[in-house]
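One structure below.
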Amino acid sequence: MRENSPDKPDKTGIMPLCMKQWISEYIAAQRAANDSIPVEAVAQLIELLRQALKEDRQIFVFGNGGSAANASHFMTDLGKGASDKTGKRFRIHCLSSDVSWITALGNDYSYEDVFVGQLQNYGRAGDIALGISVSGNSPNCVKALEWGKKNGLRTVALVGAKRGKMAEIAEHALVIADTHYGRVEDAQMGICHLLCYAFMEHPELAK
């Protein structure tokens with residue numbers, strides 16, 4: 001490794017200027033990604049969740065990799081945090097979280113079926129199917145949204161700038177204007193937090 005490599009401090013113990021510049025540029029790009037969060041679309045989704053809570057509908061959220069982690073985080077914040085504050089319980093399920101379901105469906109059918117297979121058991125017309133993906137083309141998310149739309153579920157896609165098939169299928173598509181996986185996933189988690197904290201900080205929405 002070269003002495004002035006971006007991965008190694010110089011002899012003074014100070015990070016080289018090139019790494020500091022990269023960090024600053026990354027933060028600036030993250031700010032731009034966050035600024036692209038569609039405010040009106042988020043407000044519409046908050047209303048959709050409010051309706052689901054009022055009508056006792058189920059909310060299904062799913063994604064792969066980092067998006068699976070975001071989906072699980074969203075389930076926890078809405079299912080516990082927002083429910084605790086409002087005094088009403090959101091019926092939210094993360095389809096990315098159950099290893100037994102995912103491995104059974106993936107092994108016996110295909111990985112494309114790991115989310116739709118669960119929806120076929122639980123999803124009903126009027127429920128919400130929310131898929132999270134940077135590319136917008138994750139086959140298992142696409143298939144789940146297609147099934148949801150066909151069977152009367154309200155469909156939502158959180159995607160990156162490429163939009164993909166998910167944005168074409170979904171009734172509500174929230175697009176982040178970046179294709180960088182880390183930045184898009186961070187901005188998407190920001191959307192998830194907005195959805196949850198809307199109810200946590202404004203519990204009157206549940207009335």
Checklist entry - Among Gly79, Gly65, which is the only one that is at positive phi and at pLDDT 95 or above? => result Gly65
Next on the checklist: So, in segment 102-121, how many residues would count as being surrounded by fewer than 17 Cβ atoms within 10 Å (Cβ to Cβ), more than 20 Å from the chain's Cα centre (by Cα) and either assigned to a helix (DSSP H, G or I) or basic (Lys, Arg) (or both)?
Outcome noted: 7
Next on the checklist: Against the condition of a type outside the set (Ser, Thr, Tyr), out of contact with any Cys (no Cβ under 6 Å at 6 or more places or on another chain), within 12 Å of Cys196 (Cβ to Cβ) and modelled with pLDDT of 95 or more, how does Phe90 come out, does it pass?
Outcome noted: yes
Checklist entry - Which of the residues belonging to segment 82-101 are surrounded by fewer than 19 Cβ atoms within 10 Å (Cβ to Cβ) and either part of a helix (DSSP H, G or I) or on the phi > 0 side of the Ramachandran plot (or both)? => result Asp84, Lys85, Gly87, Val99, Ser100, Trp101
Item to check | The listed residue being free of Cβ contacts under 8 Å to residues at least 12 places away in the same chain and more than 14 Å from Tyr122 (Cβ to Cβ), out of Ser67, Ser72, Ser100 | outcome: Ser100
Item to check | Of residues in segment 129-154 being surrounded by fewer than 24 Cβ atoms within 10 Å (Cβ to Cβ) and within 24 Å of Asp56 (Cβ to Cβ), the one nearest to the chain's Cα centre (by Cα) | outcome: Arg154
Item to check | Filter result for the condition that a residue is surrounded by 22 or more Cβ atoms within 10 Å (Cβ to Cβ) and within 16 Å of the chain's Cα centre (by Cα), over Ala170, Ala177 | outcome: Ala170
Item to check | Scan of segment 65-100 for residues that are among the charged types (D, E, K, R) and closer than 16 Å to Phe115 by Cα, ordered by number | outcome: Asp98
Item to check | Residue that is over 30 Å from Gly148 (Cβ atoms), surrounded by fewer than 15 Cβ atoms within 10 Å (Cβ to Cβ) and free of Cβ contacts under 8 Å to residues at least 24 places away in the same chain, where the choices are Ala28, Ala43 | outcome: Ala28
Checklist entry - Among the residues of segment 191-198, is there at least one that is of a type in the set (Phe, Trp, Tyr), modelled with pLDDT of 95 or more and closer than 25 Å to Ala144 by Cα? => result no
Checklist entry - Within segment 54-77, how many residues turn out to be surrounded by fewer than 22 Cβ atoms within 10 Å (Cβ to Cβ) and more than 12 Å from the chain's Cα centre (by Cα)? => result 7
Checklist entry - Quick one: in segment 1-46, which of the residues that are assigned to a loop (DSSP other than H, G, I, E, B) and either modelled with pLDDT of 95 or more or under 17 Å from the mean Cα position of the chain (by Cα) (or both) is farthest from Ala198 (Cα to Cα)? => result Ser36
Checklist entry - If Ala125 satisfies every condition in (1) of a type in the set (A, V, I, L, M, F, W, C); (2) in a loop (DSSP other than H, G, I, E, B); (3) in contact with a helix residue (DSSP H, G or I) (Cβ under 8 Å, 6 or more places away or on another chain) but one, which is the exception? => result (3)
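The values are calculated or read from the model by the stated rules, or taken from the named source; none is laboratory data. Values in this document were obtained by computation on a predicted structure and should not be read as measured data. Using ideal geometry, Cβ is built from the backbone for each residue, glycine included, and neighbour counts are taken over all protein chains shown.
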